[in-house]
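Novice: Got a structure for you, questions after.
What follows is calculated from the coordinates using simple rules that are stated; it is not laboratory data. These numbers were taken from a predicted model, which means no experiment stands behind them. Note: ideal-geometry Cβ built from the backbone for every residue, glycine included; neighbour counts use all protein chains shown.
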Amino acid sequence: MTEREAKGFGQRLMEWPPLVAIYESRLWRRSFPFALAAGISFDREIELIGEAAELGRASRVLDLACGSGIYTRPFARRIEGGRVVGLDLSRPMLAEARRRSAREGLANVDLVRGSALDLPFRAASFEVVNCCGALHLFPDPDRALRQIQRVLVPGGRFTAAVIRRGESPRERRNAERQERTIGVHAFGHEEILQRIASAGLARARILHEGRIWMLVTTEKPTEP
């Protein structure tokens, strides 16, 4: 299987130059329609995620599936004396993240191309792993969660934003159709908590739950 064949439609979309160009704009991630459907503005989202990640006491942060660096760069500005690694599979997104980081003079950002299913880092490498807007795109989210657990230090925090589905029969059918056609997996409330627990992460909390968007935080136990 080629790399292109292994990617779903949603992942390939993130390599489309027109989308890369507008991703952080008010036409996409910061748009009013997105905020309305998600039930939360982007500014409020990043505030909640930053608080849950406890960036003030972190020095090694991984922004997984970082895209254009929409989270990577604000994180880098908030941690003093530490570094933020942004990892993504999309070359165009990484190029955009590199341009924006250089323009903002951020010297504590490292950008790496790689897969969330096989993170190129040693165990216990990061105090925080963030993955906002991508877990639902991965072909094997459970494997990605296990990789996240592996690279977190004991007591390390994981934060995420995922596409949410409701629990009615109609919402479940729509979610299944969406996954079959475009490879995007919408998570139910209990489902995301169960998957997190199965990956060896603990103390999961839902920070926000809107019509199509859910924010969650959890951590790696300090003891096996």
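Novice: Using unit Cβ charges (K, R positive; D, E negative) and no other charged atoms, how large, in debye to the nearest 20, is the dipole of the range 3-219 about its Cα centre?
Specialist: Computed charge dipole of the range 3-219: roughly 320 debye.
Novice: Here's something else I'd like to know. Quick check of the Kirkwood formula: for the range 110-199, what is the inverse mean of 1/r over all pairs of different Cα atoms, in Å?
Specialist: Mean inverse Cα-Cα distance, inverted, gives 14.0 Å.
Novice: Non-local amide H neighbours of Val184 (under 5 Å, H modeled in plane, Pro and chain starts lacking H): which ones?
Specialist: Glu179
Novice: Let me ask another. Where is the GNM fluctuation largest for the chain (alpha-carbon springs, 10 angstrom cutoff): Pro92, Pro33, Pro18?
Specialist: Pro18
Novice: What is the sum of charges around Leu111, taking Lys and Arg as +1, Asp and Glu as -1, for the other residues whose C-beta is under 9 Å from the C-beta of Leu111?
Specialist: With Lys, Arg at +1 and Asp, Glu at -1, the neighbours total 0.
Novice: Given the rule -39500 (n - 2.57) for each run of at least 4 DSSP H residues, summed and divided by the residues of the chain, what is its mean residue ellipticity at 222 nm, to the nearest 500 deg cm²/dmol?
Specialist: Value at 222 nm, helices only: -11000 deg cm²/dmol.
Novice: Right, something else. Cα extents of the range 55-205 along the three principal axes, largest first, in whole Å?
Specialist: Computed over the Cα atoms, the extents are 49, 33, 24 Å.
Novice: Loop only per DSSP, at most 11 neighbouring Cβ atoms within 10 Å: give me the trypsin sites (Lys or Arg not before Pro) in the range 58-160, ordered by residue number.
Specialist: Qualifying residues, ordered by number: Arg122.
Novice: Taking a point 7 angstrom from the Cα of Ala124 along the C-beta vector, which residues in the range 153-167 have backbone N less than 18 Å away?
Specialist: Once the point is set 7 Å along Cα→Cβ of Ala124, 153-158 turn out to lie under 18 Å by backbone N, inside the range 153-167.
Novice: Let me ask you something else. Based on the alpha-carbon gyration tensor of the range 1-123 and its eigenvalue square roots a ≥ b ≥ c, which shape applies: rounded if a/c is under 1.5, prolate if not and a/b is larger than b/c, or oblate?
Specialist: Note, shape of the range 1-123 comes out oblate.
Novice: Check each of the GluC sites (Glu not before Pro) in the range 24-74 and keep only those in coil by DSSP with at most 16 other C-beta atoms within 10 angstrom; list them in order.
Specialist: Here the GluC sites (Glu not before Pro) that fit, given the DSSP loop and packing criteria, are Glu54.
Novice: Mind listing the long-range amide H neighbours of Val85? Cut-off is under 5 Å, sequence gap 5 or more, other chains count too, H placed in the peptide plane at 1.01 Å from N.
Specialist: Result for Val85 returns Val61, Leu62, Asp63, Asp110.
Novice: Using 0.36 nm per residue, how much length does the chain from Arg78 to Thr222 gain when fully extended, once their Cα-Cα distance is taken away?
Specialist: Computed gain between Arg78 and Thr222 is 49.3 nm.
Novice: Any chance you could run the full-extension gain for Ile212 through Arg98? It's 0.36 nm times the residue separation minus the Cα-Cα distance, nm to one decimal.
Specialist: This chain segment gains 38.1 nm when fully extended.
Novice: Contour minus end-to-end for Glu190 and Arg26, with contour as 0.36 nm per residue of separation and end-to-end as the Cα-Cα distance?
Specialist: Length difference between fully extended and current span is 55.9 nm.
Novice: Count neighbours as other Cβ atoms within 10 Å of each site's Cβ, and list the GluC sites (Glu not before Pro) in the range 112-199 that are DSSP loop with at most 12 such neighbours.
Specialist: Within the range 112-199, the qualifying GluC sites (Glu not before Pro) (loop, at most 12 other Cβ atoms within 10 Å) are Glu167.
Novice: Additional query: Can you tell which of Gln11, Gln194, Gln149 shows the greatest fluctuation in a Gaussian network model of the chain with Cα springs below 10 Å?
Specialist: For the chain, modelled as a Gaussian network with Cα springs under 10 Å, the answer is Gln194.
Novice: Once Lys and Arg get +1 and Asp and Glu get -1 on their Cβ, which of Pro169, Leu13, Phe187 lies farthest toward the positive end of the dipole of the chain?
Specialist: It is Leu13.
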